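Undergrad: Sending over a structure as structure tokens; questions will come in a sec.
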């Protein structure tokens, strides 16, 4: 089995708030992955051209950037890192617009649904 090669990033790439960290730790624990991570990716789609995709993963894949913030691990692929640099990951349990939210300083336009952006 080959060794996974990844880079270590810092909170300049993505910073996690305490509510997001708490929710993420609980989700990973429930899945039996206490050492797991949240993968944040940017993919084409949505009404503004780009949207976020988030998944729980065991850890970084080849070429990923691993960021530890607020006692949780976040992995970002190099292409997505160009779009999410400087972002803040928060969580809200609001009934209407609850869930994980990315505040991204690189986004120049957002759609009204808040699910996509353009950079």
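Undergrad: I'd like to compare 74-80, 21-27: which one has the highest average count of other Cβ atoms within 10 Å, and what's the full order after that?
TA: Values: 74-80: 20.4, 21-27: 17.0.
The packing order, highest mean first, is 74-80, 21-27.
Undergrad: Determine the percent antiparallel among the DSSP beta bridges restricted to region 7-118, to the nearest 5. Display every interim value, and only then the final one.
TA: Working: 22 of 29 bridges.
Antiparallel bridges make up about 75 percent of those DSSP assigns within region 7-118.
Undergrad: Okay, helix-only estimate at 222 nm for the chain: each DSSP H run of n ≥ 4 adds -39500 (n - 2.57), divide by all residues, round to 500 deg cm²/dmol; what do you get? Spell out each step's value before the answer.
TA: Working: 2 runs with 20 residues, N = 119.
After summing the helix terms and dividing by the residues of the chain, the value is -5000 deg cm²/dmol.
Undergrad: So how do 6, 52 line up by other beta-carbon neighbours within 10 Å, fewest first?
TA: Values: 6 17, 52 21.
Sorted ascending by nearby Cβ count, the order is 6, 52.
Undergrad: Once a ≥ b ≥ c are taken as the square roots of the eigenvalues of the Cα gyration tensor of the chain, is the result rounded (a/c under 1.5), prolate (a/b larger than b/c) or oblate (a/b not larger than b/c)? Intermediate results must be reported in sequence, preceding the final value.
TA: On the way: a/c = 1.82, a/b = 1.23, b/c = 1.48.
Since a/c reaches 1.5 but b/c is at least a/b, the shape of the chain is classed as oblate.
Undergrad: Test of understanding: ordering 8, 65, 43 by Cβ neighbours within 10 Å, fewest first, what list do you get? Write down the numbers at each step before the final one.
TA: Working: 8 9, 65 21, 43 13.
With the sparsest Cβ surroundings first, the list reads 8, 43, 65.
Taken together, the values in this text are just the output of simple stated rules run on the coordinates, not laboratory data. This structure is a prediction, so every number in the text was calculated from the model and none was measured. Neighbour counts run over all protein chains shown; Cβ positions are idealised from the backbone, glycine included.
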